[in-house]
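What follows is one structure encoded as structure tokens, with my remarks underneath.
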Amino acid sequence: MELTLDELRALTGWAAACAARVLPLYEARVPGDDRPRAAIDAARAFAAGAARTKLLRTTAWAALAAAGETTDPVASSAARAAVAAAGAAYLHPLESPHQVKHIVGPAQQAASARELAGGDAEAELRWALAQAPPEVPGLLRRFPPGKPGRTRLGELHRQLETALRVTGS
């Protein structure tokens with residue numbers, strides 16, 4: 001399977017937009033830690049045409065560390081959305097259910113963060129679905145169904161994946 005840079009840029013731009021919506025939740029709970037913001041900024045830069053460089057991986061790993069260092073579940077989910085945004089540029093062309101998590105992860109984690117903060121996860125999912133460029137469902141349909149698990153996070157994954165698979169088909 002081939003994945004073009006244009007497809008990866010579209011996916012990464014959407015992923016960054018999803019993560020950016022919950023970044024204020026992280027920053028309010030962990031003031032002064034710019035690691036998730038740096039990951040989102042790197043994702044946005046790639047989506048806008050910058051080269052796919054080590055910066056994406058470095059900022060993703062730093063945002064993952066930020067997610068693991070906080071005990072606040074809202075902040076952790078928001079940081080994980082940023083990790084997934086930066087990592088979207090590295091979606092692998094492997095026909096594996098695991099790759100589906102790389103596609104839906106940013107929106108899934110954003111919806112989780114919103115819900116954990118007392119907001120509406122379903123509204124966050126609707127926003128993400130409405131903003132998804134055609135490349136996102138097109139990419140998703142090239143992969144086998146994901147394996148989201150039985151947790152609330154898995155349910156958010158399932159909702160996103162199901163809706164994206166029928167979008168534009």
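The values are calculated or read from the model by the stated rules, or taken from the named source; none is laboratory data. None of these values were measured; they are calculated from a predicted model. Counting neighbours? That spans all protein chains shown, and the Cβs are built from the backbone with ideal geometry, glycine included. Please note that ligands, DNA and RNA were not included when accessible areas were found on the heavy atoms of the full protein model with its side chains. Shrake-Rupley method; radii C 1.70, N 1.55, O 1.52, S 1.80 Å.
Things to note:
- Here region 38-169 was treated as a single set of alpha-carbon atoms; its pair distances binned every 10 Å from 0 give 13, 42, 38, 6, 0 percent.
- Surface share of carbon and sulfur [accessible, 1.4 angstrom probe, percent] for the chain: 56 percent
- Taking the helices alone, the chain has a mean residue ellipticity at 222 nm of -23500 deg cm²/dmol, built from -39,500 (n - 2.57) per DSSP H run of at least 4 residues and averaged over all its residues.
- Of the peptides 95-107, 9-21, the ranking by mean beta-carbon count within 10 Å, highest at the top, reads 9-21, 95-107.
- Modelled label positions at Thr151 and Ala48, each set 7 Å beyond Cα in the direction of Cβ, lie 3.4 nm from each other.
- Within the shell defined by Cβ-Cβ distances under 15 Å, the residues around Leu140 carry a net charge of +2, with Lys and Arg each +1 and Asp and Glu each -1.
- Calculated accessible area for region 1-152 comes out at 45 Å² per residue, all protein chains present (probe 1.4 Å; ligands, DNA, RNA ignored).
- Shape class of region 124-169 from the alpha-carbon gyration tensor: oblate, with a/c at 1.5 or above and b/c at least as large as a/b.
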